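Participant: Okay, handing you the structure first.
What follows draws every value from the coordinates through simple rules; no lab data is involved. All values derive from a computational prediction rather than experimental measurement.
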Amino acid sequence: MSKTTAFFGFVPLFLSAVMTLGAADAPARKRMAIVIDDGPVPAHNAALLALLAREHVRVTFSHEGRYVVAYPELAKAVNAAGHEIANHSFTHPHLKPMADADIEREVADTSAAIKKATGHAPKLFWAPFLEHDERVDAAVRRATGLEHFPFTKYHFIGSLDWESGTTAEKYRELCTTGIVDGTVILMHEWPEVTLANLPAVITELKKQGVEFVTFSELAAGK
């Protein structure tokens, strides 16, 4: 074999080794979807949107239809900022004890309100209290064509911001510990602990290399 032939035979092997080494050294992805429930409400909505804009973070807001009807300009602002809006029912009831027709009305009216306010219908349903079953899902599907976001497929973390006893330290610990690829963190729009501590949480998550994605992006594997 000539030296020239040997050299050109070596090149593909060398490039393959470099590519393999690069792939092995690449950091593992950490995609995270933050969902912010129970809005839109005036108290914190603008401040949260301003924070997320500064940090270039996109999240999923799960809106209640009654608040979208009351504050359509807030839902419109959420949509305009590039965030996703999920259907979180109209009055935030426990859906399982309800009749099918009442479930259908809850979600149909919410989808209609979101579309009227933003020009876009929601792509996903997110049950109040995360309480749903096959019957509830079927009723939601009939009324809106929506599927419940499959959060049980992912690493789910509750921030506990809805509990009055959750301290700032506990909130920050819950939201930044044990983060893996495909993490979903549940927060709410109204608690003071979220508004006050989300900036520090985002800073820490960025240090950990987190990629912030919406529900739809996470479900699509983006």
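Participant: Would you please give the residues with an amide H less than 5 Å from that of residue 34, counting only those at least 5 places away or on a separate chain, with H modeled from the backbone geometry?
Facilitator: 60, 185, 213
Participant: Would you mind pulling out the separation of the Cα centroids of the range 69-133 and the range 137-199, in Å?
Facilitator: So the two Cα centres are separated by 17 Å.
Participant: Quick one: Cα convex hull volume of the range 171-220, Å³ per residue?
Facilitator: Taking the convex hull of the Cα positions in the range 171-220, it is 77 Å³ per residue.
Participant: Quick one: Debye curve from the alpha-carbon atoms of the range 31-219 only, equal weights, vacuum; give me log10 I(q)/I(0) at q = 0.11, 0.16 Å⁻¹ to two decimals.
Facilitator: -0.45, -0.96
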